[in-house]
Amino acid sequence: MANSAEPGGDQPVYDFEPAGWIELTDACHHYEGKHEVPWDIQNIFRYFSQRYSIFSYYDEGICMTDDAWFGVTPEPIANKIAEEMKSYPKQKRILIDLFCGAGGNSIAFALTGRWDRVISIERDAATLSCAQNNASVYGVDDSYITWVHGDSFAFLRTLFNNPSALHPDLRVDTAATILFASPPWGGPGYSTDEVFNLDNMQPYSVQDLHQAYKPLDHVLFLPRTSDLRQLAALAPEDKRIDIVQMCMEGASKALVAYVPGRGL
């Protein structure tokens, strides 16, 4: 049970606690040459050839799981989002990265120095260990990012409904908090459809995300062909959603939607 004492001890047990340092595992790779790289990462999606756009410090020891290659935000885009989010009102001091993956966005947020705290959540332990390693490569102090190993939806439910079940270091002032989500996109059509139906995102549709996030201001990183009508429908009454097209080298890569919260 949350916040109960362990048998025979007096240390409370919480539903969520900050993750300690997680050692890299055999699932964490720093590929140095094409001969080491899985075929799909090298040949179909060509992510390895773009590694310096994903992490400019790649050669300094960046690690990723094979799945993380498909979800990491390229560094120039992560930096641009981080710069744009600096414009939020100063009372917004806490940022929660709900799908931190290999750490690209969390690192960019931390490097701006804009936020009092960045909380970065990842449910896969190996991927989280890569994120911690990569933040270290970029010189981000562990005291600045609070890493959480767990499910971000469960974390938010606890934050909104039972904050005492969170470790004290994770109990944040929701009025001062902004959410950022770069979820898996999945689905068969996000890269080829002229207009992508956001209800087809897998494993979480845009409605799944919005229902979980709508009490707070939230920023969604989405496919470049996302249906703008579906995004406009997320706006609270008398408010608007700002949508920014993110481009690299003249090509659109993604959309970023800035969605006002509705309050708790």
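Check region 181-194 and report whether any residue there is within 26 Å of residue 75 (Cβ to Cβ) and open to solvent by 80 Å² or more (accessible area, probe 1.4 Å).
Taking every residue of region 181-194 in turn, at least one turns out to be within 26 Å of residue 75 (Cβ to Cβ) and open to solvent by 80 Å² or more (accessible area, probe 1.4 Å).
Any idea which of 157, 240 is modelled with pLDDT of 90 or more, outside any loop (DSSP other than H, G, I, E, B) and either at negative phi or in contact with a Cys (Cβ under 7 Å, 6 or more places away or on another chain) (or both)?
157
Give the number of residues within region 144-161 that are under 17 Å from residue 109 (Cβ atoms) and either in contact with a Ser or Thr (Cβ under 9 Å, 6 or more places away or on another chain) or open to solvent by 20 Å² or more (accessible area, probe 1.4 Å) (or both).
Within region 144-161, residues that are under 17 Å from residue 109 (Cβ atoms) and either in contact with a Ser or Thr (Cβ under 9 Å, 6 or more places away or on another chain) or open to solvent by 20 Å² or more (accessible area, probe 1.4 Å) (or both) number 5.
What are the residues in region 59-104 that are touching a strand residue (DSSP E or B) at 6+ places or on another chain (Cβ under 8 Å), part of a helix (DSSP H, G or I) and open to solvent by 10 Å² or more (accessible area, probe 1.4 Å), if any? Please lay out each step first, then the result.
Quick first cut of region 59-104, residues touching a strand residue (DSSP E or B) at 6+ places or on another chain (Cβ under 8 Å) only: 63-66, 72-74, 76-77, 80-81, 84-85, 88, 92-103.
The next check asks that each one be part of a helix (DSSP H, G or I); those that pass are 76-77, 80-81, 84-85.
If the condition is that a residue be touching a strand residue (DSSP E or B) at 6+ places or on another chain (Cβ under 8 Å), part of a helix (DSSP H, G or I) and open to solvent by 10 Å² or more (accessible area, probe 1.4 Å), then 76, 80, 84 are the ones that fit.
Please work out which one of (1) among the small types (Gly, Ala, Ser); (2) surrounded by 12 or more Cβ atoms within 10 Å (Cβ to Cβ); (3) part of a loop (DSSP other than H, G, I, E, B) is the condition residue 257 fails and give its number.
(3)
Restricting attention to region 86-96, does a residue exist that is among the hydroxyl-bearing types (Ser, Thr, Tyr) and farther than 28 Å from residue 167 by Cβ?
yes
Taking the condition surrounded by 14 or more Cβ atoms within 10 Å (Cβ to Cβ), touching a Phe, Trp or Tyr at 6+ places or on another chain (Cβ under 8 Å) and not small (Gly, Ala, Ser), does residue 201 pass?
Criteria met by residue 201.
Of the conditions (1) more than 18 Å from residue 212 (Cα to Cα); (2) at pLDDT 95 or above; (3) open to solvent by 10 Å² or more (accessible area, probe 1.4 Å), residue 123 fails just one. Which one is it?
Answer for residue 123: the failing condition is (1).
On the basis of being in contact (Cβ under 8 Å) with a residue 24 or more places away in the chain, surrounded by fewer than 22 Cβ atoms within 10 Å (Cβ to Cβ), assigned to a helix (DSSP H, G or I) and out of contact with any Asp or Glu (no Cβ under 9 Å at 6 or more places or on another chain), does residue 24 make the cut?
For residue 24, the condition - in contact (Cβ under 8 Å) with a residue 24 or more places away in the chain, surrounded by fewer than 22 Cβ atoms within 10 Å (Cβ to Cβ), assigned to a helix (DSSP H, G or I) and out of contact with any Asp or Glu (no Cβ under 9 Å at 6 or more places or on another chain) - is not met.
The values are calculated or read from the model by the stated rules, or taken from the named source; none is laboratory data. Source: prediction; values computed, not measured. No Cβ is skipped: glycine too gets one built from the backbone with ideal geometry, and neighbour counts run over all protein chains shown. Protein only, heavy atoms only, side chains kept; ligands, DNA and RNA dropped before computing areas. Shrake-Rupley method; radii C 1.70, N 1.55, O 1.52, S 1.80 Å.
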